[in-house]
């Protein structure tokens, strides 16, 4: 007969948790940070007791009261909105419509997009909020199905590097273009790297698929300069703010942003405003109003998940599965094109080791370190010498990258036509602009609008691992 003595008790260092709790704690969602609401400071996403109530009064063609504030008390944002953003002719009529009625019109296929636009042009900020807060996420999706301007869906990617490595950005952009992204953006940790990283994004994107348009999110003087030179193809992340005090802190006004938009448009550069809203809270000037910011939570690690969702739900999310040999080929091609461009511009050398890394890498950690100081000197020389997108075209053509050069030249030609200035404009693989003017959304309920069918639907059925229906030992992806 044997017996087992009890083990000595482990000194208590905290409450014991279950293995399931330990598993849940390790999930990515719990590695994020969540903060309780603080409405008084504007740290509230959906609704706040401090949000104004909708109202408007028009006298002699001028808005003299809006959302509970008389014109004499308007700040410059109120003034700009009242004078330039609201259709005075319909403002009182539109605001008088119950918010529930407008919300129901949004989800009613029998009410056309044009009818709703006639109403929404007259709505004040508080009235817009009063309508939207009535919608749940499914109803918002139903509304977007009808209200989006362009019929055909597309997607945008960020191609960034933790080390601002232009070779990494180029290789990732090439892969992203091949997978189907129509637009690409990059952001930087070090502003002075911008010329090299913007070149990497542009060259990489055109190596993957012609017609992808690119932008580099920076402080706006540099972003404008790169756009004017044709090193970028459009502009975004043009910061707009929700309160006057934050605008002032940023040395800006709504009028200066309008002037900037005109500057871009004068050179055929597509531009759109995006507001991160959280800036008001972070800068301590939210004025108690609620905010809503919908970020992206998808990364390259989610490519296969995204493609599977497209297939399982028969929805077009803008991407497709691509075979490994094709991916490796365009990544190497983009890196070699960058090697040629850097050599021709007498920029710091890109080694064959870096090309090998770019072809097979996953993250910034997989690349050899570059001489940052030399790169920054090279980046400054790009600006000092007035290098343009056309210079890149000439170099790519001269060094044997004819197709990449032709792709970039076609994108630059769109600057001359001005077609990218149309609402929601993108370029398809044949460099034909697709926008609200020639690809207008015609959704009017089930069976109408864009439908995933035919060749595109067959392409989205292909995933990384698909088993043959006739031979379960065979993959057909």
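Coordinate-derived values only; no laboratory data. Since this is a predicted model, take the numbers as computed values, not measurements. Please note: Cβ atoms are built from the backbone with ideal geometry, for glycine as well, and neighbour counts cover all protein chains shown.
The range 330-391 and the range 409-477 have Cα centres lying 31 Å from one another. Label zone of residue 351 (point 7 Å out along Cα→Cβ, amide N under 19 Å): in the range 299-336 this covers 332, 335-336. Given R0 = 60 Å, the distance between the Cβ atoms of residue 37 and residue 383 translates into a calculated FRET efficiency of 0.85. Beta bridges from DSSP with both residues in the range 156-421: antiparallel share about 0 percent, rounded to the nearest 5.
The candidate values were [x] 24.0, 82; [y] 25.6, 85; [z] 26.1, 103; the one computed from these coordinates for Rg and Dmax of the Cα atoms in Å carries the label [z]. Overall shape: oblate for the range 49-102, with the ratio a/c of the largest to smallest alpha carbon gyration tensor axis at 1.5 or above and b/c at least equal to a/b.
The range 47-113 and the range 132-162 have Cα centres separated by 23 Å.
Per-residue extension of 0.36 nm, minus the Cα-Cα distance of residue 272 and residue 476, leaves a gain of 69.3 nm for this segment. For residue 45 and residue 107, a Förster radius of 30 Å and the Cβ-Cβ distance give a FRET efficiency of 0.85, rounded to the nearest 0.05. Subtracting the Cα-Cα distance of residue 133 and residue 17 from their residue separation scaled by 0.36 nm leaves 37.9 nm. Per-residue Cβ neighbour counts within 10 Å put 112, 186, 95, 359 in the sequence 112, 359, 95, 186, beginning with the fewest.
For residue 304 and residue 364, the difference between the fully extended length at 0.36 nm per residue and the C-alpha to C-alpha distance is 19.5 nm. Answer rounded, prolate or oblate for the range 335-477, using the Cα gyration tensor with square roots of eigenvalues a ≥ b ≥ c: rounded when a/c is under 1.5, else prolate when a/b is larger than b/c, else oblate. In terms of gyration-tensor shape, oblate.
Between residue 374 and residue 437, what FRET efficiency comes out of the Förster formula 1/(1 + (r/R0)^6) with R0 = 60 Å and r the beta carbon distance, rounded to 0.05? The value I calculate is 0.80. Contact order for the range 250-370, expressed relative to its length and based on alpha carbon pairs under 8 Å spaced 6+ residues apart, stands at 12 percent. Structural descriptor for the chain: relative contact order 18 percent, calculated from alpha carbon pairs under 8 angstrom and at least 6 residues apart. Approximating the spin labels as points 7 Å out from Cα along Cα→Cβ, the residue 57-to-residue 452 distance works out to 5.2 nm. DSSP finds beta bridges in the chain, and of those with both partners inside it, around 50 percent are antiparallel.
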